[in-house]
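Coordinate-derived values only; no laboratory data. What you see is a predicted model; the values in this text were computed from it and never measured. Counting neighbours? That spans all protein chains shown, and the Cβs are built from the backbone with ideal geometry, glycine included.
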Amino acid sequence: MEFIPAKTIVTRCKGNEWFGIDYKMNIYKGCTHGCIYCDSRSSCYGIDDFDVIKAKKNALQIIRGELRSKIKTGVVGTGSMSDPYNPMEAKYGLTRGGLELLAQYGFGVAIATKSPLITRDIDLLKQIKKYNPVLVKMTITTCDDTLSKIVEPHVAPTSERFKAIKALSDAGINCGLLLMPVLPFIEDNERNIKEIVRQAALNGAKFIYPAIGMTLRENQREHYFEALDKHFPGLQKKYIESFGNSYECVSLEVKKLWQIFTTECQKYGLVYKMKDIINMYQSSYKVEQLSLF
Ligand code: SF4
């Protein structure tokens, strides 16, 4: 694995609408999961060799210094633009090291991943959760293992991710699903949405945050269309006819599927609105802080 220089790793978020996070921390750059729809490979981000994982040099020393100097603690989000549980993490343990530091300096954490490797760190997540909020967001876009191996080829299939959710949930960690993207003409059907919600509930998820559609922009679009030609011949034409050059490609079935999705979530008691998710995993800590005053 290549190590790249970095000046800062833990940066303040401007707003905290996105799962209530206060800081972002990304130790790795690039990703090997190979999702055909990956937005992070878009030209606007300028990441060279996106499919090669690079780690930030002296990451843990930098993170320690940054956490120590923060005036306010808060929830640190990780897992945007790169999966913190990529295959290199199994050997290098940098995400684990980052979690140890979060525990040591009194920060909460919100992690997005597609990898069951996160279950290795249940001990640390439990430790952080004693005093600060912890949230795990497992991305799942299809209920079908065969399809997940096509659209997300180098990461564990959906069933393994659900097993990880079960393990986290059994350990008392607040976890749920990022149901995004929902690929138009491939995943945007009633069976898929219903089965994902059912499996989520069955495995102890507490929330699902959806986006019924996808985004497409320069470089991401070319990469995605190449994959469509390989695995779904003829579909590229349908995308061009339906969405042209649009950035937002909302499923043509969105109204119907949203209705189904919300009805199913309510049936199983899963929350799906951002404010409810934030409330679900953070409110008890705020009450504790208030009562301390
Ligand atoms: S896990 Fe995320 S960053 Fe990695 S390839 Fe898939 S969509 Fe891209």
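Show which aspartates and glutamates lie in cross-link reach of Lys238 when reach means a straight Cα distance below 12 angstrom and same-chain residues fewer than eight apart are skipped.
Asp229
For the pairs Lys7/Lys54; Lys29/Lys56; Lys114/Lys166; Lys126/Lys166; Lys206/Lys256, note any where the Cα-Cα span goes beyond 19 Å. Show your work: numbers first, answer last.
Details: Lys7/Lys54 15 Å; Lys29/Lys56 8 Å; Lys114/Lys166 14 Å; Lys126/Lys166 15 Å; Lys206/Lys256 23 Å.
Listed pairs above 19 Å: Lys206/Lys256.
Can you work out the FRET efficiency for the pair Gln61 and Trp258, with r the C-beta to C-beta distance and R0 = 51 Å, to the nearest 0.05?
Working: r = 46 Å, r/R0 = 0.90.
The calculated FRET efficiency here is 0.65.
Hey, if you put +1 on the Cβ of every Lys and Arg and -1 on every Asp and Glu Cβ in the chain, which of Gly65, Ala6, Tyr247 ends up farthest toward the positive end of that dipole?
Most positive-ward Cα: Gly65.
For every helix of n ≥ 4 consecutive DSSP H residues, a contribution of -39,500 (n - 2.57) applies; sum these over the chain, divide by its total residues, and give [θ] at 222 nm rounded to the nearest 500 deg cm²/dmol.
On the way: 11 runs with 125 residues, N = 293.
Calculated at 222 nm, the ellipticity per residue is -13000 deg cm²/dmol.
5 Å is the cut-off here: which amide hydrogens, built 1.01 Å from N in the peptide plane, fall below it relative to Tyr37, excluding neighbours closer than 5 in sequence?
For Tyr37, no residues qualify.
For the Cα atoms of the chain, what angle does the longest principal axis make with the long axis of helix 158-170, in degrees from 0 to 90, nearest 10?
30
Starting from the Cα of Ser284, step 7 Å toward the Cβ, then list every residue of region 122-151 with an amide N under 17 Å from that point.
Flagged as within label range: 123-136.
Assuming 0.890 mPa s and 25 °C, estimate D for region 1-55 with Stokes-Einstein, Rh taken as the Kirkwood radius over Cα pairs, in µm²/s. Spell out each step's value before the answer.
Numbers: Rh = 13.0 Å.
Approximately 189 µm²/s, per Stokes-Einstein.
Show me the ranking of peptides 236-248, 27-39, 142-154 by mean Cβ neighbours inside 10 Å, starting with the highest.
Working: 236-248: 12.9, 27-39: 20.8, 142-154: 17.5.
Ranked from most to least packed, the peptides come out as 27-39, 142-154, 236-248.
Helix 190-202 against the longest principal axis of the chain: what's the angle in degrees, Cα atoms only, rounded to the nearest 10?
20
Angle, helix 220-231 long axis vs. longest principal axis of the chain, Cα atoms, 0 to 90°, nearest 10?
Here the helix axis deviates by roughly 50 degrees.
Zone of His154 (label point 7 Å along Cα→Cβ, backbone N under 18 Å): which residues in region 1-41?
It comes to 1-4, 27-41, nothing else.
Treating only the Cβ of Lys, Arg, Asp and Glu as charged (+1, +1, -1, -1), what charge dipole size does the chain show about its Cα centre? Round to the nearest 20 debye. Mind showing how you got there, number by number?
Details: 40 positive and 32 negative charges, 209 e Å.
Result for the chain is approximately 1000 debye, rounded to the nearest 20.
Would you pull out the residues with amide H under 5 Å of Gly213's amide H, same chain only if 5 or more places away, H placed 1.01 Å from N?
Those lying under 5 Å, H to H, from Gly213 are Val182, Ser251.
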